[in-house]
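Below: the structure, in structure tokens.
The values are calculated or read from the model by the stated rules, or taken from the named source; none is laboratory data. Just so it is clear, the structure is predicted and the values come from calculations on it, not from any experiment. Cβ placement follows ideal geometry from the backbone for every residue including glycine, while neighbour counts extend to all protein chains displayed. We work out accessible area using only protein heavy atoms, side chains counted, and drop any ligands, DNA or RNA first. Shrake-Rupley method; radii C 1.70, N 1.55, O 1.52, S 1.80 Å.
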Number of protein chains: 4
Amino acid sequence: MSEKIPGATARTFLAHIERGLFGRLRRDAHAEWAAYTQHEFVRCLALGTLPAEDFRAFLTQDYLYLIQYARAYALAVCKADTLDDMRALARTMGHVLDEMQLHVGYCAEWGLTESAMQGAPESLELLAYSRFLTDKGLAGDVLDLLVALAACAVGYGEVGARLMADPATVKEGNPYLRWMEEYASDDYAFSAIAAMETLEHTWAVRGGEARYPLLLKDFRTAARLEAAFWRAGQQRNFLG
Amino acid sequence: MSEKIPGATARTFLAHIERGLFGRLRRDAHAEWAAYTQHEFVRCLALGTLPAEDFRAFLTQDYLYLIQYARAYALAVCKADTLDDMRALARTMGHVLDEMQLHVGYCAEWGLTESAMQGAPESLELLAYSRFLTDKGLAGDVLDLLVALAACAVGYGEVGARLMADPATVKEGNPYLRWMEEYASDDYAFSAIAAMETLEHTWAVRGGEARYPLLLKDFRTAARLEAAFWRAGQQRNFLG
Amino acid sequence: MSEKIPGATARTFLAHIERGLFGRLRRDAHAEWAAYTQHEFVRCLALGTLPAEDFRAFLTQDYLYLIQYARAYALAVCKADTLDDMRALARTMGHVLDEMQLHVGYCAEWGLTESAMQGAPESLELLAYSRFLTDKGLAGDVLDLLVALAACAVGYGEVGARLMADPATVKEGNPYLRWMEEYASDDYAFSAIAAMETLEHTWAVRGGEARYPLLLKDFRTAARLEAAFWRAGQQRNFLG
Amino acid sequence: MSEKIPGATARTFLAHIERGLFGRLRRDAHAEWAAYTQHEFVRCLALGTLPAEDFRAFLTQDYLYLIQYARAYALAVCKADTLDDMRALARTMGHVLDEMQLHVGYCAEWGLTESAMQGAPESLELLAYSRFLTDKGLAGDVLDLLVALAACAVGYGEVGARLMADPATVKEGNPYLRWMEEYASDDYAFSAIAAMETLEHTWAVRGGEARYPLLLKDFRTAARLEAAFWRAGQQRNFLG
């Protein structure tokens, strides 16, 4: 687990994601990874041009997603091989459950109440992505699950860090600035680095080159599902 | 388990689906159920006007779906409370695995090889629906899982039976006739009736009115996912 | 979730366990429950006559058990129907993981290091009990799992509360006094009451009289496994 | 999957178990493996000196075990990476469910009815072993599960083949001869060889030297649990 060193920044985070198993997966899935982290939705956030209604649909689905994401981490705790890993993964799960309360405060500023979000139907994109994650935990071992989870845990940090470092990002009067700042924060970076560290040493005891092709396939699918998720909740005919 | 009584027909099947827990779920989810079983895709099958390309996309995704559907039944075997239920569910799982070989033969007539279908990416609709099913088996008990599975097991039988009984259905020269006949067959009806019977007696030992609202919610979601699935594989940007 | 009210005591706890679903299970499984909570091992703890070697074997297996118990609670988080339940169960899981560190301190006083305990083989009793719990989470729903978990969560509180309230319990010079005090503490009582409350409202949304026979059967099995567990780690031939 | 070649014998089976991943695990766990496959219970079967009462207790627990063993194979079907593996594992699961009916016939000759066996309580040894298997499927991937399952699948074949090949085995008038013959049969050998083949190619795509230590640990535990299982059902105080 990384210590919280004041001074760790988005920049060191962007170096970190090039390394180890995560770096290798990210390079080998570069097309899917770019389609996710440089999605049009992300560019519109950076320019502040995203329609508020699209953002609200996203926030609602993201709230519902976090419940499922916490479930997937709970499953990872159940599947971990060591007490240390159980504790690291339980910490992440706890963060997700705690951060949902911050999320709720943020959503309130956009006019979304928690009860409205809880009552919203799950979108096709949410169902596909979140149940892909929990099913990975059912079908595979903790390594399979952590690889699938890494696309979300690390990707949002990369989006935040990149947008905040990019001079083209509009900061003045951008209604999405706080959202970008949150994912570019040291807190988020530390948590994403912790995820990569748990992944790395799980790979050390459960990995092997033979497993890499299946892991890469899952990582690609997770990245594709992330790309689709930016537009989650916009297929109104599915939501009924 | 129903005996195979020669003379059981699509008509008796359509009476059967009105009864018991399944009948109640179907009535209470009538909007979602109609949107699924009377989908435009279904109407185009009946008239023979569906573009062949759409049908091929559907067949490919359906092949990939059946693998996941068999996994969900395997999980149901693991979760069943009695040896008799394990055997009934194992039989269904075996049928799915066997029928995939028939399916492969049928797909070949549409120019789809098994290896092409196996190599095709899973669509958003397939991921959403199939992983919703297996996740239901992870999160809930065998009753939760069987309710979710019933939408597929029974719905295709209803579609087949209704289309074949409908005088408006075009039979002469309809390239989709064989597909409709398969789901209107006595074999399929028996299997769907068996699914309703296992569901019914599982409800008898694991049910209770308190559970009905959650079960209905899941059944509605499954029906919505079925409706979405008719167009599975057509979001080409997701498939990459 | 119960507030921590100073003044809640073992006595109010002993009234609490008579109520609701837990009270009913406990009454209907009275033979197994008495064999567990009034086991000879417990009586020897109360009199301070238990051989230290037996206690050490128990402590080692109890340490290993808590890892599995935390896994079972992690699975319950994954299976919970609401965010509130996820949080309540995650809190219990967190307590177990945290309390293991207190446990390690206590064990050190008995000459047991954490690494020695981690390296000890799991006993037959531990394997039977803990994997019965996690398998219950695989086979059933969150209600099945919580019923099985209640035997441990509540039973140790009852043992602690009863022993500390019993005038026959030897306090002066009893090497097991601190152990008894821990399970008779307000903290433990609050946590056990929280377990009964989560169980009770899960029963309200997932229960039904039809389910009671299977739930009672599992509760009986859990109580029998608890009774066997007092002697865990003493079948030396199994441990190899 | 091995073809059924008439002429395959116990002898070729005994050569087979020396090879591949299974052979390596068996050698590295030789102490536990010998304690299981050359257990006193086995020697008493060979000499025909085992008390009938002990055998009946074993048969009852073995019946209950097979239900759980089939559940574990159902879970393996759900976890398999390919359709071919799903089919191979489904076949094994089907054999277990079918062979239980032969088993019931055999047990009837020993005065045990199916309903009596179904009503018998699960022993500590059965709970420990069978739930260790299903939990392995929950915690790990299909490779973890297949390694744990191999101890049973292959071990009984080895016991049967060795006893029938051993001139010291009493055949004349030995009431356990049919039991030994069943596990020395070509059918059983083929099925055990199939289990080793599925294990071997799963190791090829999911393995790696890094995983071997954990796999060996589980295999050792499974062998210890098998050794304990011969005496399953004899701790009458546990069974209540």
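The orientation-averaged shadow of the Cα convex hull for the range C:131-187, equal to a quarter of the hull surface, comes to 5.0 nm². The relative contact order of chain C comes to 37 percent, based on Cα pairs under 8 Å that sit 6 or more residues apart. Nearest beta carbon of chain A to the A-to-C rotation axis, with distance in whole angstrom: A:Ala74, 2.
Counting only aspartates and glutamates at least 8 places from A:Lys171 when in the same chain, those with an alpha carbon closer than 15 Å to its own are A:Glu181, A:Glu182.
Note on the range B:219-240 and the range A:175-197: Cα centroid distance 33 Å, given to the nearest whole angstrom.
Converting phi to 3J(HN,Hα) with the Karplus coefficients 6.51, -1.76 and 1.60 and the offset θ = phi - 60°, the range A:125-141 yields 5, 5, 4, 4, 6, 5, 6, 4, 5, 5, 5, 4, x, 6, 7, x, 9 Hz in sequence order, with x at every glycine or proline.
With Cα atoms as the point set, the radius of gyration and Dmax of the range B:176-240 evaluate to 16.7, 46 Å. Converting the Cα gyration tensor eigenvalues of chain D into ellipsoid dimensions via √(5λ) gives semi-axes, longest first, of 27, 21, 18 Å.
The charge dipole of the range C:9-59, taken about its Cα centre with unit charges on the Cβ of Lys, Arg, Asp and Glu (plus for the first two, minus for the last two), comes to roughly 300 debye. Whole-Hz Karplus values for the range D:180-195 come out as 5, 4, 4, 7, 9, 6, 4, 4, 5, 4, 4, 5, 5, 5, 4, 4 Hz, taken residue by residue from phi with 6.51 cos²θ - 1.76 cosθ + 1.60 and θ = phi - 60°; glycine and proline positions read x. Label-point spacing at B:Gly23 relative to the other copies reads 4.0, 6.3, 6.6 nm, in ascending order, each point sitting 7 Å out from Cα along Cα→Cβ. Karplus-derived 3J(HN,Hα) values for the range D:37-45, using 6.51 cos²θ - 1.76 cosθ + 1.60 with θ = phi - 60°, are 7, 10, 4, 3, 4, 5, 5, 5, 4 Hz; glycine and proline are entered as x. Rolling a 1.4 Å probe over the protein heavy atoms of the protein assembly as shown, with every protein chain left in place, gives an accessible area that is 55 percent carbon and sulfur.
Expressed as a whole number of Å, what is the distance separating the alpha-carbon centroids of the range A:130-166 and the range D:97-166? Cα centres, the range D:97-166 to the range A:130-166: 39 Å. For the range A:75-122, a decrease in accessible area of 40 Å² or greater in the assembled protein chains relative to the isolated chain, with a 1.4 Å probe, applies to A:Leu75, A:Cys78, A:Lys79, A:Leu83, A:Met86, A:Arg87, A:Met93, A:Leu97.
Would you mind getting the accessible area per residue of the protein assembly as shown, heavy atoms of the protein chains only, 1.4 Å probe, in Å²?
Per-residue value: 37 Å².
With a 1.4 angstrom probe, the accessible area lost at the C-D interface totals about 1700 Å². Once the Cβ-Cβ distance between D:Asp84 and D:Thr12 is put in as r, and R0 is 22 Å, what FRET efficiency do you end up with, to the nearest 0.05? Computed FRET efficiency for D:Asp84 and D:Thr12 comes out at 0.40.
Heavy-atom accessible area with a 1.4 Å probe sorts C:Lys217, A:Lys171, largest first, into C:Lys217, A:Lys171. For A:Leu83, the label point sits 7 Å beyond Cα toward Cβ; its separations from the matching points on the remaining copies run 3.3, 4.1, 4.7 nm, from shortest to longest.
Each eigenvalue of the Cα gyration tensor of the protein assembly as shown, multiplied by 5 and square-rooted, gives one semi-axis; in descending order these are 43, 38, 28 Å. Annotation for D:Tyr106, label-to-label distances across the other copies: 4.1, 4.7, 6.2 nm (shortest first, one decimal, point 7 Å from Cα along Cα→Cβ). Divided by 2.2 N^0.38 Å, where N counts the residues, the Cα radius of gyration of the range B:1-142 comes to 1.18.
Across A:Glu109, D:Glu18, the residue with the most accessible area heads the list, and the full order at a 1.4 Å probe is A:Glu109, D:Glu18. The modelled label-to-label distance between B:Thr113 and C:Asp186, using points 7 Å beyond Cα along the C-beta direction, is 7.4 nm. The helix-based estimate of mean residue ellipticity at 222 nm for chain A, built from -39,500 (n - 2.57) per DSSP H run of four or more residues and divided by its residue count, is -24500 deg cm²/dmol to the nearest 500. Comparing mean-square fluctuations of B:Leu199, B:Leu83, B:Leu146 from a GNM of chain B with C-alpha springs under 10 Å, the top value falls on B:Leu83. Restricting the calculation to Cα atoms, the range A:82-200 yields a radius of gyration followed by a Dmax of 16.1, 47 Å. Distance between Cα centroids, the range A:37-83 to the range B:60-81: provide it in whole Å. Answer, in whole Å: 28. How high is the relative contact order of the range C:115-240, in percent, counting Cα pairs under 8 Å that sit 6 or more residues apart? Over the range C:115-240, the number comes to 45 percent. The modelled label-to-label distance between D:Val170 and D:Glu53, using points 7 Å beyond Cα along the C-beta direction, is 1.9 nm. Comparing A:Ala80, A:Pro51, A:Gly94 along the charge dipole axis of the range A:46-135, the residue lying farthest to the positive side is A:Ala80, per the Cβ-charge model.
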